[in-house]
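Below: the structure, in structure tokens.
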Amino acid sequence: MLGAIIGDIVGSVYEWSNIKTKDFPLFRDDCFFTDDTVMTVAAADAIMKGGSADDFIDAYKKWGRLYPNAGYGGRFESWIHSGNREPYNSWGNGSAMRVSPCAWVMDCGFYAHTGCWPENGWECVTRSAEVTHNHPEGIKGAQATAAAIFLSRFYAEGHAFDHCEPWSLEELKAEIKKLIESQFGYDLSRTLDEIRPIYRFNESCQETVPQAIIAFLESTDFEDAIRNAISLGGDSDTLAAITGSIAEAAYGVPEWIKEKAQSYLDAPLRELYDRWTAYIGKR
């Protein structure tokens, strides 16, 4: 989930002051974590508690109330502070920006041997979204993001289907593009140069997730992926959080970027991140 956190922190200063270039300082002194980080941490917390629908609801409300000024959307903020535990039919990109922990508990070995998505992990992805974002587009955005992360893990961890060679990076990107377009209907044929001049702020999954995936597809390494996402403008922190979550799985994160990003986190967020790292390492 660190990739999502890094994208959020880097993009935090550009959300309301878009830039349309890749030439910018990766970290500024005034960068900060936002709701994207808080809810990604909340999703990880929910998974470590069991990953039920109630676990996700409890975690989103708990962490949202701990950080009431993190910059939530209006409807989600109202839901956090209410006694209501029902979803509210959102198609906002919040379902996609927080989903990355779910993709890290999906079993790559099972996929290699069967060619089937690990059902329990896929249910976790859907559950993480639908407790609030139960509109089909909200669920789809989370699923598409998680699928790209999962396939990137499959590649980076050296898995391969029976009697096949592991993918190259180019083959991974082709597989992601084919899967996302065929199963989720997102158009990934445009280039960043085509998107950038006309792209504007939009909080929907429909107008965030495809752009974030394209930013990854055109990247050469983790940092380049983050720069691609920020350069589009729009909802910069969320766009970069989604791209970063995929790029982390495919490329890994350079140590200096890991250390710098973690310096922006306070003690509760850092403690949860450390617990999550240990939890994933034991799986």
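Every residue, every condition in (1) assigned to a helix (DSSP H, G or I); (2) charged (D, E, K, R); (3) in contact with a strand residue (DSSP E or B) (Cβ under 6 Å, 6 or more places away or on another chain); (4) modelled with pLDDT under 95, yes or no:
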residue	(1), (2), (3), (4)
5	yes, no, no, no
15	no, yes, no, yes
21	no, no, no, no
25	no, no, no, no
37	yes, no, no, no
50	no, no, no, no
54	yes, yes, no, no
57	yes, no, no, no
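List pairs: first in the stretch 159-177 and within 18 Å of residue 243 (Cα to Cα), second modelled with pLDDT of 95 or more and surrounded by fewer than 12 Cβ atoms within 10 Å (Cβ to Cβ), Cβ under 9 Å, 6+ apart or cross-chain?
Listed pairs, sorted by first residue: 177/189.
Identify the single condition in (1) polar (S, T, N, Q); (2) surrounded by fewer than 23 Cβ atoms within 10 Å (Cβ to Cβ); (3) not in a loop (DSSP other than H, G, I, E, B) that residue 89 does not satisfy, given that it satisfies every other one.
Single failed check for residue 89: (3).
Can we say residue 160 is modelled with pLDDT under 95, of a type outside the set (Val, Ile, Thr) and in a loop (DSSP other than H, G, I, E, B)?
Here the answer is yes, as residue 160 does meet what is asked.
When only residues in the stretch 97-154 that are hydroxyl-bearing (Ser, Thr, Tyr) and surrounded by fewer than 22 Cβ atoms within 10 Å (Cβ to Cβ) count, which is farthest from residue 44 (Cα to Cα)?
Among residues in the stretch 97-154 that are hydroxyl-bearing (Ser, Thr, Tyr) and surrounded by fewer than 22 Cβ atoms within 10 Å (Cβ to Cβ), the one farthest from residue 44 (Cα to Cα) is 114.
Could you list all residues from the stretch 169-180 that are loosely packed, with under 15 Cβ neighbours inside 10 Å and among the charged types (D, E, K, R)?
The answer is 170, 171, 178.
Being within 30 Å of residue 231 (Cβ to Cβ) and part of a helix (DSSP H, G or I), is that true of even one residue in the stretch 104-124?
Among the residues of the stretch 104-124, not one is within 30 Å of residue 231 (Cβ to Cβ) and part of a helix (DSSP H, G or I), which makes the answer no.
So which residues in the stretch 15-59 are surrounded by fewer than 18 Cβ atoms within 10 Å (Cβ to Cβ), free of Cβ contacts under 8 Å to residues at least 40 places away in the same chain and more than 18 Å from residue 231 (Cα to Cα), if there are any at all?
Within the stretch 15-59, 29, 30, 49, 50, 54, 58 meet the criteria.
Within 17 Å of the chain's Cα centre (by Cα) and outside any helix (DSSP H, G or I), is that true of residue 211?
No: the conditions fail for residue 211.
Residue by residue through the stretch 187-242, note down the ones that are of a type in the set (Gly, Ala, Ser) and crowded, with 16+ Cβ neighbours inside 10 Å.
Narrowing the stretch 187-242 to residues of a type in the set (Gly, Ala, Ser): 189, 204, 212, 215, 219, 225, 229, 231, 233-234, 236, 240-241.
Passing the criteria: 204, 212, 215, 219, 225, 229, 231, 233, 234, 236, 240, 241.
Out of 65, 127, which single residue is under 22 Å from residue 186 (Cα atoms) and in contact with a helix residue (DSSP H, G or I) (Cβ under 8 Å, 6 or more places away or on another chain)?
From the options 65, 127, the qualifying one is 127.
If you check 189, 219, 152, 182, which single one turns out to be outside any loop (DSSP other than H, G, I, E, B), more than 15 Å from the chain's Cα centre (by Cα) and small (Gly, Ala, Ser)?
Of 189, 219, 152, 182, the one residue that is outside any loop (DSSP other than H, G, I, E, B), more than 15 Å from the chain's Cα centre (by Cα) and small (Gly, Ala, Ser) is 182.
Being in a helix (DSSP H, G or I), without any contact (Cβ under 8 Å) to a residue 60 or more places away in the chain and under 17 Å from residue 152 (Cβ atoms) is the filter here, so list the residues in the stretch 225-265 that pass it.
Across the stretch 225-265, the qualifying residue is only 225.
The values are calculated or read from the model by the stated rules, or taken from the named source; none is laboratory data. Quantities reported herein were computed from a predicted structural model and do not represent experimental measurements. All Cβ positions, even for glycine, are placed from backbone atoms using ideal geometry, and neighbour counts span all protein chains on display.
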